[in-house]
Structures are given as structure tokens and as C-alpha cells.
Amino acid sequence: MNVHVGLNVVNLAKSIEFYTKVFGEEPVKVKNDYAKFMPENLQLNFTLNVKPEVSGNQVGHFGIQVEKQEDIDFHKDRLKKSGFFTRDETNTTCCYALQDKFWITDPDGNEWEFFYTKQDLENNKKEQSCCQ
């Protein structure tokens, strides 16, 4: 089973460049108004769909959950070397879990978090916005 995300974008070339670096792979299909990624290590069918206009973040955020703490460091270093600014959160309570994470933003303003769950928690922070 794969998760499917269809994302509306304005500039297909910029978005393909961004997501090729994020996933570390080229798209499996590219048309003049469409691109499809099937990242090898994610159960994800991810498509980019060109629209004449999009306005910022149409969803709360997207995320990639990693299996080990070392994976956070690996992906953060890899994306920083590709020129992305990362925003860190360590030992943060989000979605009833203690997590380490970092965030990047795509060319259309969509936020992506890479996160590692250290442990599940019974309580959640009231002021958090990560899971909305």
C-alpha cells in the first residue's frame, strides 16, 4: 500500500528540482503539467500538478517519519548541503509524542517535517500547531 499526495504547484521545474533533492531520486514520470515520484524507501505515490496559481500552504504540513535518530541527522545534513534552510525542533511534544524534527519549505510555501518519534505521550501541548 502506498500513500498518495497530489500537490498543486505553479512552477513544475522548480518543484521537480526541490523534490528530487528531498527524495534523493528523479521522478518516474514527467509531462508538461505533471510529475510523479515513487521514492524507493517510502511507501508514497507523490505527484505534482501544475495550476495557474496556488496560495501558500493549502494543508497543515507534510511529513516523513524516520525510523532512527541517526536518520534525522543524515537527512538534515543532506538537505543542508543541497542549499535548504532547516528549522530544528528537538525534544518537542507534538501529536502526543516526544520527537526530534526539522522543517523545510518547498517553492510554493508547503512545509515538510522530517521527524523521529522518541516515545508516545499521554498528554499534548496546548499551544502546539504542528498537528493542525
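Readers should treat all values here as calculations from the given coordinates under stated rules, not as data from a laboratory. None of the values given here were measured: they were computed from a predicted structure. No Cβ is skipped: glycine too gets one built from the backbone with ideal geometry, and neighbour counts run over all protein chains shown.
Couple of notes before you dig in:
- When each of the peptides 94-103, 37-46 is scored by how many other beta carbons lie within 10 Å of its residues on average, the order from highest to lowest is 94-103, 37-46.
- Sites ASN41 and GLU111, calculated FRET efficiency, Cβ-Cβ separation with R0 30 Å, nearest 0.05: 0.90
- Estimated FRET transfer efficiency when R0 is 25 angstrom, pair LYS29-GLU89 (beta carbons, to 0.05): 0.15
- Listed pairs LYS51/LYS76; LYS31/LYS80; LYS68/LYS118; LYS80/LYS101; LYS21/LYS81 exceeding 18 Å between Cα atoms: LYS51/LYS76; LYS31/LYS80
- Potential extension, GLN65-LYS14 segment - 0.36 nm per residue separation minus Cα distance: 15.9 nm
- Candidates ASP106, ASP120, ASP71, ranked by Gaussian network fluctuation over the chain, Cα under 10 Å, top entry: ASP120
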